[in-house]
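Colleague: One structure coming up, written as structure tokens, with questions to follow.
The values are calculated or read from the model by the stated rules, or taken from the named source; none is laboratory data. It should be emphasised that the depicted structure is a prediction, and the values quoted were computed from it without experimental measurement. Here the Cβ is made from the backbone with ideal geometry for all residues, glycine too, and neighbour counts use every protein chain on show. Surface areas here come from the heavy atoms of the whole protein model, side chains and all, with no ligands, DNA or RNA. Shrake-Rupley method; radii C 1.70, N 1.55, O 1.52, S 1.80 Å.
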Amino acid sequence: MPEGDTIHFAANRIRPVLEGHVPDALETPHPRFGRDRWPERLRGRAVRSVDAHGKHLFLRFEGGLTIHSHLRMSGSWRVLTQAASPPGTGDRGAGWPRSQRSAWLRVRRGEREVLQFNGPVLELMTDSRTRLDRRMAGLGPDILAPELDTDRVLRRLREDDPTRPIGDALLDQRTIAGIGNLWKVEGCFLARIDPWRPTGKVSDAEVLAILSETRPRMQQSALDGIQDRFKVIYGKAGRPCPRCGAGGIHSTVQARGQWDDNRPTFWCPRCQS
Ligand SMILES: [Zn+2]
């Protein structure tokens, strides 16, 4: 699932290919970019930096232009090493995962190619717009920032509706950026907090416990890209609780949609309170 760790993993893979270099080629194969002229606008410009904040990824070019990406549920980034192929054959070599038309962006340097598939948010903007755009300007601290500003997270959480379930409040990117539905579910489980408990009844220490369980796992996933191994309870509705459901104790994982977005929430009513 594209959550903060997925995006940081992508940035960590793209950075050594592009940062500090002028790409050899940049293309936007998808028809939606027909008149946008990205190749002309970015030609000859080096990539200053590749960074992520929460679920947003930025390729920042010289000259004050930045490509902004948000994958939502459908997009993905890939970094491939192209097998040598005779020019003009159209052979993309091994590892080309999908049809060429589904790539929205291709940036090549040497034998390596950075690809973005299926957007759905992929836009070229000025640096100043990346700072002012309300989707980015309002973001809370990134759970994967080198130093997590927990005071600010708590302050923003306490400004939120205290009747909102804690599981849902953790998804609010204005409070903390990078947690998606998977990490919300696993974080609440790890800290033994019922995701349905109103935020006003969750202590600061309990919120910090959720963050301190979640952050190192997300950091690991951002390094190696293996998110699935942290799925302990997510998607396990109806099965015995992996913590307290053994030894004859009847405790099964529950599932129900939560709050406005109706995101599926998994929890154990016995060991999460
Ligand atoms: Zn349990």
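Colleague: Going toward the positive end of the dipole of the chain, with +1 on Lys and Arg Cβ and -1 on Asp and Glu Cβ, which of CYS268, ALA205, LEU157 do you reach last?
Modeller: The listed residue farthest towards the positive side: CYS268.
Colleague: To the nearest 20 debye, what is the magnitude of the charge dipole of the chain about its Cα centre, counting +1 on the Cβ of each Lys and Arg and -1 on the Cβ of each Asp and Glu? Could the numbers behind the result be given before it?
Modeller: On the way: 44 positive and 33 negative charges, 107 e Å.
In total the dipole reaches around 520 debye.
Colleague: Now for a different question. Could you order GLU123, GLU147, GLU111 by accessible surface area, starting with the largest, using a probe radius of 1.4 Å?
Modeller: Details: GLU123 40, GLU147 160, GLU111 110 Å².
In descending accessible area the options line up as GLU147, GLU111, GLU123.
Colleague: Sticking with this structure for a sec: Just the number, please: carbon plus sulfur as a percent of the accessible area of the stretch 116-273, 1.4 Å probe, no ligands or DNA/RNA counted.
Modeller: Of the solvent-accessible surface of the stretch 116-273, carbon and sulfur hold 50 percent.
Colleague: Output ³J(HN,Hα) for the stretch 219-227: one whole-Hz value per residue in order, computed from phi by the Karplus curve 6.51 cos²θ - 1.76 cosθ + 1.60 with θ = phi - 60°, and x for Gly and Pro.
Modeller: Along the stretch 219-227, the couplings run 4, 5, 5, 5, 7, 10, x, 9, 7 Hz.
Colleague: Further question: With point charges of +1 on the Cβ of Lys and Arg and -1 on the Cβ of Asp and Glu, referenced to the Cα centre of the chain, which listed residue (GLN219, SER49, LEU59) lies farthest in the positive direction of the dipole?
Modeller: Highest projection toward the positive end goes to LEU59.
Colleague: Find how many whole Å separate the alpha carbon centroid of the stretch 204-273 from the alpha carbon centroid of the stretch 1-35.
Modeller: So the two Cα centres are separated by 31 Å.
Colleague: Long-range amide H contacts for GLU3: which residues qualify at under 5 Å (H placed 1.01 Å from N, peptide plane, sequence gap of 5 or more or a different chain)?
Modeller: Result for GLU3 returns nothing.
Colleague: State the extension gain, in nm to one decimal, for the chain segment bounded by GLU123 and ARG229, taking 0.36 nm per residue of separation less the distance between their alpha-carbons.
Modeller: Roughly 34.9 nm would be gained on extension.
Colleague: Out of all Cα-Cα pairs in the chain, roughly what percent, to the nearest whole number, are more than 22 Å apart?
Modeller: 60 percent
Colleague: Can I ask one more? If you build a Gaussian network model of the chain, linking Cα atoms that sit under 10 Å apart, which residue out of TRP259, TRP104, TRP77 swings the most?
Modeller: Among TRP259, TRP104, TRP77, the largest mean-square fluctuation in the Gaussian network model of the chain belongs to TRP259.
Colleague: Another question, then. Which residues' amide hydrogens lie under 5 Å from the amide hydrogen of LEU105, considering only partners 5 or more residues apart or on another chain, with H built in the peptide plane?
Modeller: Residues meeting the amide H criterion: GLN116.
Colleague: Restricting things to Cα coordinates, could you compute the convex hull volume per residue of the stretch 184-273 in Å³?
Modeller: Looking at the stretch 184-273, the number lands at 104 Å³ per residue.
Colleague: With angles folded into 0 to 90 degrees, how steeply does helix 181-190 sit against the dominant principal axis of the chain? Use alpha carbons for both and round to 10.
Modeller: So the inclination is approximately 40 degrees.
Colleague: In addition: Pick from GLY44, GLY140, GLY119 the residue whose mean-square fluctuation is largest in a GNM of the chain, springs joining Cα atoms under 10 Å.
Modeller: The residue with the greatest mean-square fluctuation here is GLY44.
Colleague: With a 1.4 Å probe and every protein chain left in place, work out the accessible area per residue of the chain in Å², rounded to a whole number.
Modeller: 47 Å²
Colleague: At each listed q (0.18, 0.27, 0.28, 0.29 Å⁻¹), what is the log10 of I(q)/I(0) that the Debye formula gives for the stretch 38-83 modelled as equal alpha-carbon point scatterers?
Modeller: Calculated log10 I(q)/I(0) at the listed q: -0.68, -1.04, -1.06, -1.07.
Colleague: Also, quick follow-up: Hey, what angle do you get for helix 4-18 against the long axis of the chain, alpha-carbon based, 0 to 90 degrees rounded to 10?
Modeller: Rounded to the nearest ten degrees, it is 20.
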